[in-house]
Every structure is written in structure tokens, then in C-alpha cells.
Amino acid sequence: MTYPWPGGARAAVCLTLDLDGESPYLWRSRDARGPAVGELEQRRYGPRRGIENLLAMMDGLHLRATIFVPGWIAAEYPAQVAEAHRRGHEIALHGWCHEPPTSLTDDELRATLGRAIQTIEGITGERPAGYRSPSWDMTAGVFPVLRSLDIGYYSSLMGDDRPYEVDGVVEIPVDWATDDAPYYRYVGGDPRPPAHTGPVRDGWAAEIAAAQAYGTLCMITVHPWLSGRPARVAVLEELLAPVVADPGLCTPTVRELAEHHRGRTGRTVSAGQLGRPAHD
Ligand SMILES: [Zn+2]
């Protein structure tokens, strides 16, 4: 069935940046004795340098992205978050210090997100409208918490290739195939080296072409500490320039796509179906 994309487009391409910086490492190593400075610095490349490289590339294409930012990172790097917002990009939630929801009680999730909302709103003057869970980890308890905080969309699940609804929250789905982490994530001691840019160029070009052919969403997820490196930014620009120039494709922010979807018919997963097979 054809999905009615904004503006009558054949398909949609969303560019999203997960500005994690060092927060996943800090959460993972919270009980460790001393920090591994090498990994901290590698990750700090994202907010320190990578985000600016990506913002410049997007300026050149007149493309707006959604940037998911842990609250702790926003507090640590407020100038970068303010600048991204000033240039027209959407700033959305990504936990406080990149805590996966499976490691938190519902009350802890509500408290960490409430703190992140306050922090981001204090920097941008705008309340974040959506949430991407760290590592795309989730529990069935996430959705009532999002509704209680008036967070209107979630972008972490892979149950469809177009917007749908899960327990009363609009889901704008993601895909590991168009996430840069499986290609580029490498910290010292990992068993395989990071991929070159060639596999990303070829793989993502095929994903974009298939989205056009099937009328689906291509959700691209990049991390500034990985894809903010110059050669990788150049490949992203090469991939996205024809997308922006194609009048048959739309490139909304995730919030815009969620607002477009609200009230439309589509796949709906109820609270009762979470955690057990749906037969539809
Ligand atoms: Zn993340």
C-alpha cells in the first residue's frame, strides 16, 4: 500500500544525527575507577569537531536534520546545540547520559527525560517534541512515560518502513542498515577495523534507491564522532545532494513527519501487543 508522504512525494529520506559524544562511555563506565582517556577523546570529536563539519555540509545542501542529544551532552556543549538549533535543525531527546530504558525504572526514565527536556529547552527556547532511546533499546513502559511527558513521537523501532503508531505514540522507524555505527564504530581492541567509505556509499545508495522504488522511508542515522570525519562527511554529501535535488523525494525532520502522520491511518500496535506476537 502506498503511504501518502508530505507534498505528494514518492518516498521520504530523514537525516538524523545522534550527538552522543562521550555520554555512552560515561554511562557504561560509571562504576569504573578511572576514565579511558583514549575513548573519551575519540568520542569528544563529535561535539568538538564532527558536528560543525556536518552542519556545514547540511547548510550547503539546504537540508535540515533532527539531532538527538543526551541532556548531559547538551549541558556540556550548549554552544553546539544552540548553533544547530539556530541553523534550523530539530533538537530532540536521547536520554540524560545515554541510559538505555532497560536499565531504568519507569520513574527513573521519567526523571532523566524531564531533566533533559528542561536542559534542552533552556538552551534552545523550544521544548523537544520527540525521543530516540539510547541504542534503540526500549521497554513496554517507555510509551506511557512518553505520553505523560507529552512527547509526541518515538524513533527507535523497526516494525515498519513508514510511520506507524505504538501504544498511542507515533513511531518514525529506524533501520540498522542505514546507521553508521555498524560500519564505522571502532574503538581500540575491537575485532575488526572500521569500514571504508565505499561500503557506506554503495549500501546507502541502494537503500535510497529502494525507498524510491517501494515508496518507503529511508531513515539515516549518523553519529558526529563517527560520520563527522571529513572523508565520511564528503560521502554523505555525495549521497544526499541528489536526494535534496529530487522533487519526488521529501526530506522532513522527524518531528515534521510525525506531525504529518498524526491522525492518519496506518499500522497500530497496542499496549497489549507489546512483548508478544501480533497477528495482523
Ligand atoms: Zn546514541
> What is segment 177-278 by shape, rounded, prolate or oblate, if you read a ≥ b ≥ c off the alpha carbon gyration tensor as root eigenvalues and call it rounded for a/c under 1.5, prolate for a/b larger than b/c, and oblate otherwise?
Replying inline: oblate
> Per-residue HN-Hα couplings for segment 138-145, Karplus 6.51 cos²θ - 1.76 cosθ + 1.60 at θ = phi - 60°, whole Hz, x for Gly and Pro?
Replying inline: 8, 10, 5, x, 4, 5, x, 5
>> Between 267, 132, 232, where does the largest GNM mean-square fluctuation fall for the chain, given springs only between Cα atoms within less than 10 Å?
In response: 267
>> Could you derive backbone 3J(HN,Hα) for segment 41-57 from the dihedral phi with the Karplus parameters 6.51, -1.76 and 1.60 (θ = phi - 60°), listing whole Hz in sequence and x where the residue is Gly or Pro?
In response: 5, 4, 6, 5, 4, x, x, 7, 9, x, 4, 5, 4, 6, 4, 5, 4
>> Rounded to the nearest percent, how much of the accessible area of the chain (1.4 Å probe, protein heavy atoms only) is carbon and sulfur?
In response: 52 percent
> Taking H as built 1.01 Å from N, whose amide H comes closer than 5 Å to the amide H of residue 11, not counting residues under 5 places away?
Replying inline: 250
> Between segment 138-205 and segment 65-82, what is the C-alpha centre distance in whole Å?
Replying inline: 18 Å
>> Need one word for the chain: rounded, prolate or oblate. Basis is the Cα gyration tensor (sqrt eigenvalues a ≥ b ≥ c); a/c below 1.5 gives rounded, then a/b vs b/c decides.
In response: rounded
>> 5 Å is the cut-off here: which amide hydrogens, built 1.01 Å from N in the peptide plane, fall below it relative to residue 156, excluding neighbours closer than 5 in sequence?
In response: 172, 174
> Can you give the % of DSSP beta bridges in the chain that are antiparallel, to the nearest 5?
Replying inline: 10 percent
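Can you tell me the relative contact order of the chain? Whole percent, Cα pairs under 8 Å, sequence separation 6 or more. Walk me through the intermediate numbers first.
Numbers: 504 pairs, mean separation 81.2, N = 280.
Once divided by the residue count of the chain, the mean separation gives 29 percent.
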> Does segment 107-168 classify as rounded, prolate or oblate by the C-alpha gyration tensor (a ≥ b ≥ c root eigenvalues; a/c under 1.5 gives rounded; else a/b over b/c gives prolate, otherwise oblate)?
Replying inline: prolate
>> How much accessible area per residue does the chain have, counting only protein heavy atoms and a probe of 1.4 Å, in square angstrom?
In response: 44 Å²
> Residue-wise, which Karplus ³J(HN,Hα) couplings in Hz belong to segment 58-71, taking 6.51 cos²θ - 1.76 cosθ + 1.60, θ = phi - 60°, and x for glycine or proline?
Replying inline: 5, 4, x, 8, 6, 10, 9, 10, 9, 10, 8, 10, x, x
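The values are calculated or read from the model by the stated rules, or taken from the named source; none is laboratory data. All values reported here derive from a predicted model rather than from experimental measurement. Ligands, DNA and RNA are stripped out before the accessible areas are found, and what is left, the full protein with its side chains, is counted by its heavy atoms. Shrake-Rupley method; radii C 1.70, N 1.55, O 1.52, S 1.80 Å.
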